[in-house]
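First the structure, in the form of structure tokens, and then the observations on it.
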Amino acid sequence: MLISLEDVRRGIENDEFVPFFQPLVTLRTGQLAGFEVLARWHHPSAGILPPDRFIPIAEQNGWIGALTKRLMQRAFEAGKLIPEPLTLAFNVSPLQLHDLGLPKQIQSAAEELGFPLQRVVIEVTESAVVDNVERAQTISNELKALGCKIALDDFGTGYSSLLHLQSLPFDELKVDRSFVGSMIQRRESRKIVAAVVGLGQSLGLTAVAEGIETREQAEMLLWLGCELGQGWFFGRPVPAEDLPATVELSREKISFNHSTNLWGDLAGNALPSQRLAHLQAVYDGAPVGLALLDRNLCYVTLNQRLADMNGATVEEHLRRPVAEMVPRAFHHFEAFIRRSLEGEVITGVEARRPPGPGQGDRDYLLSYQPVRDEGDEVIGVSVAVVDITDRKAAEAALRESEDHYRHMVELNPQIPWVLDAHGNAVAISPRWEQVTGMSAATAEGAGFLEAIHPEDRPRVESVIAASIHSGDPIDVECRIVSRNDRWRWVRSRGAARRDPSAKIIRWYGSADDIDDQKKAEEALRKSEEQLKAIFNSVPVGILLADAPAGRLSMSNPEARRIFRYPVPSSYSVENYAQWGAIRVNGRRLESAEYPLARALRGEKTRIEEALCLRADGTEAWVSLLGAPIVREDGSVQGAVVVVQDIDEIKQERERLLTLAEALIKELKSQTSPADREPISS
Ligand code: C2E
Ligand code: CA
Ligand code: CA
């Protein structure tokens, strides 16, 4: 549809021109900074028409002033919907900068509708300045005096004379969208954007990029140091009625979460000179050797640290080949540098530099990063060198001590454990798993109780509970499951650790394997029982006495029966007389001659027949055997006396003898005296 002059005039008459609002965003934070007002024609039949369909006509016919005034009124009216400190930017035609009434017009429109002039930005294009610099200056200065800001729009498309940048009191520099649109693909565009942003920064102007359609563009602009941005990526121009929603949504919808990095912070907050100084400080102070090598493998820049590592000054390095500066090590990393020149990022290369004179070996961690220009061509390699000698040594020491510790814990028959204040296991030695087959993780909390023999578990639980209650050390024996033997006996002991207020915070202890000991004890107990059974049932009396005193330590029932004393008691050699006096062949033995006394002196005695005084005062025939109990070293530990009751045999023999004698007597009295010979014994 062709727009005629008449159409536009009628449109102005009918008040068909409306402002649309496009968001402006702070790139660093992604937050809404304001809106640019863009003219639209609400055409009765053609719908919404863009400014290029009517602005030129309005300009040519002298209607632009009226149109702008109306747009401003409407925009300021909508300004109620735009919270502080968001700004409103207006476009003015070059022609309008000839109109000395412009500042007044803006002022009255803003004041009438209560929009602060401090939040107003006036965008002018370069051509506006070219025509009449002086007048433009007057108008601009007045606007500034009112508090408005001035932006130079479409920078780079018009005359782009640096003179103009100086001639007017600009606050902002808008990078034309034609550069932004192609900056990802075209190196030249990127260079122009970088140059414009840099120029703006160096003149203290806020750089604003327009026409941002992608995240990639936004990130690159941020990286280049651009402060504000607008474009479809952040939002299309919207009519006034959509302002509340746009303002509302701005935080989530408009914000773009760029990757925060050093550049983000530096780019956002610092002046270029500060950035440079900061980077220089970082560069020199970094505990890392840094260098930039060109394609010929010569040093372009390097920091002090790397110069020190190489044992020469920074100046001595500059423009010199790496091969010359580190001749002995060069062949180690030449290949990496060359690969990096091909575009590869290489990190984590460890290298050991042979010791220089008077030095030990040193270990380095190297990385190589291709450095590209805006056109993505690799122009050099960034080298980073970290001295990791100490770290390597520390690592080795740590490994060794860990190894020691691991061995200590693993080879230790003990199973160290830690319980919390409530008796839950919080740590347990790896040995636990080796012994029980239950993982340390499963043993945590109350899990370890599952490994305890069901018969022992209640006891263990009550011992732990009692210790938690009393604070006394834990000491308990129990059986735990064993991979190999079903159950193993352990003795678990631990003590409380307390905090400064004496509250128990942990229990530290260990379980010791006492299974072998327990089994030995068990075996001993069994053989002892067997021995006892024998001891108690043998048909001979056995008396055991300790050296050197000869105090009776044990006697069996048969011994007690023979001697007729009730319970084994502390009779000693000295008081044998009371019940043990011995007569052999009618002679009473000295106490030193007793078999027990002689055994204590290491001698063996055998007496076939003796008469022994019993506890009840009667006498009995016995045969006696005395022997020492000798230790391995030959010393006498005690004595054993074995007593056989021969009283009945003896009496039977006596009876038979008496009988025989009587018989002989009888026979003698009947036969001749010549035959009277005794049968003899
Ligand atoms: P401008 O001042 O450079 O305005 C920015 C133009 O870029 C706007 O076009 C806007 O809609 C468009 N734009 C915004 N984001 C993107 C994007 O991501 N991609 C692309 N391709 N374009 C984007 P619009 O609204 O058509 O305005 C065109 C020009 O008309 C403006 O260029 C400005 O010079 C002029 N203009 C607009 N409104 C007014 C006004 O009220 N008065 C005057 N004198 N000129 C105006
Ligand atoms: Ca503009
Ligand atoms: Ca522009």
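The values are calculated or read from the model by the stated rules, or taken from the named source; none is laboratory data. None of the values given here were measured: they were computed from a predicted structure. Note that each Cβ is placed from the backbone with ideal geometry, even for glycine, and that neighbours are counted across all protein chains shown.
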| field | Condition met for A660 (touching a residue at least 12 places away in the same chain (Cβ under 8 Å) and outside the structural domain of P557 (by TED's automatic domain parsing)) | value | yes
Scanning the stretch 59-74 residue by residue, those within 16 Å of ligand 2 (Cβ to nearest atom), touching a helix residue (DSSP H, G or I) at 6+ places or on another chain (Cβ under 8 Å) and not β-branched (V, I, T) turn out to be E59, L67, M72
When (1) within 16 Å of ligand 3 (Cβ to nearest atom); (2) surrounded by 16 or more Cβ atoms within 10 Å (Cβ to Cβ); (3) closer than 29 Å to E134 by Cα; (4) not aromatic (F, W, Y) are applied to E59, the one that fails is (1)
Of those in the stretch 217-250 that are surrounded by fewer than 18 Cβ atoms within 10 Å (Cβ to Cβ) and either in a strand (DSSP E or B) or outside the structural domain of R28 (by TED's automatic domain parsing) (or both), the residue farthest from ligand 1 (Cβ to nearest atom) is P239
When P557 is run through (1) in contact with an Asp or Glu (Cβ under 9 Å, 6 or more places away or on another chain); (2) modelled with pLDDT under 85; (3) not β-branched (V, I, T), the failure sits at (1)
Pairing a residue in the stretch 118-135 that is among the small types (G, A, S) with any residue that is within 10 Å of ligand 2 (Cβ to nearest atom), where Cβ atoms lie under 8 Å and the two sit 6 or more apart in sequence or on different chains, gives A128/V92
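Yes or no, residue by residue, for (1) within 16 Å of ligand 2 (Cβ to nearest atom); (2) in the same structural domain as C226 (by TED's automatic domain parsing); (3) touching an Asp or Glu at 6+ places or on another chain (Cβ under 8 Å); (4) more than 19 Å from L222 (Cβ to Cβ):
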site	(1), (2), (3), (4)
I139	no, yes, yes, yes
H164	no, yes, yes, yes
L168	yes, yes, no, yes
E188	no, yes, no, yes
I192	no, yes, no, no
Scanning the stretch 202-216 residue by residue, the ones that are outside any loop (DSSP other than H, G, I, E, B) and within 16 Å of ligand 3 (Cβ to nearest atom) total 4
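Hey, any hits in the stretch 86-95 for a residue that's under 24 Å from V238 (Cβ atoms) and away from ligand 2 (no atom under 16 Å from the Cβ)?
Yes, the stretch 86-95 has at least one match.
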Checked the stretch 71-88 for anything outside any loop (DSSP other than H, G, I, E, B) and either among the hydroxyl-bearing types (S, T, Y) or modelled with pLDDT of 95 or more (or both); matches are L71, M72, Q73, R74, A75, F76, E77, A78, T87, L88
Given the criteria modelled with pLDDT under 90 and assigned by TED's automatic domain parsing to the domain that holds G285, does A323 qualify?
no
Being on the phi > 0 side of the Ramachandran plot and away from ligand 1 (no atom under 15 Å from the Cβ), is that true of even one residue in the stretch 62-84? no
If we take the stretch 599-681, then strands (runs of 3 or more DSSP E) inside it with 2 or more residues that are touching a Cys at 6+ places or on another chain (Cβ under 7 Å) and either modelled with pLDDT of 85 or more or among the charged types (D, E, K, R) (or both) are 619-630
Filtering strands (runs of 3 or more DSSP E) wholly in the stretch 3-60 for at least 2 residues that are modelled with pLDDT under 95, more than 26 Å from K80 (Cα to Cα) and out of contact with any Cys (no Cβ under 6 Å at 6 or more places or on another chain) gives none
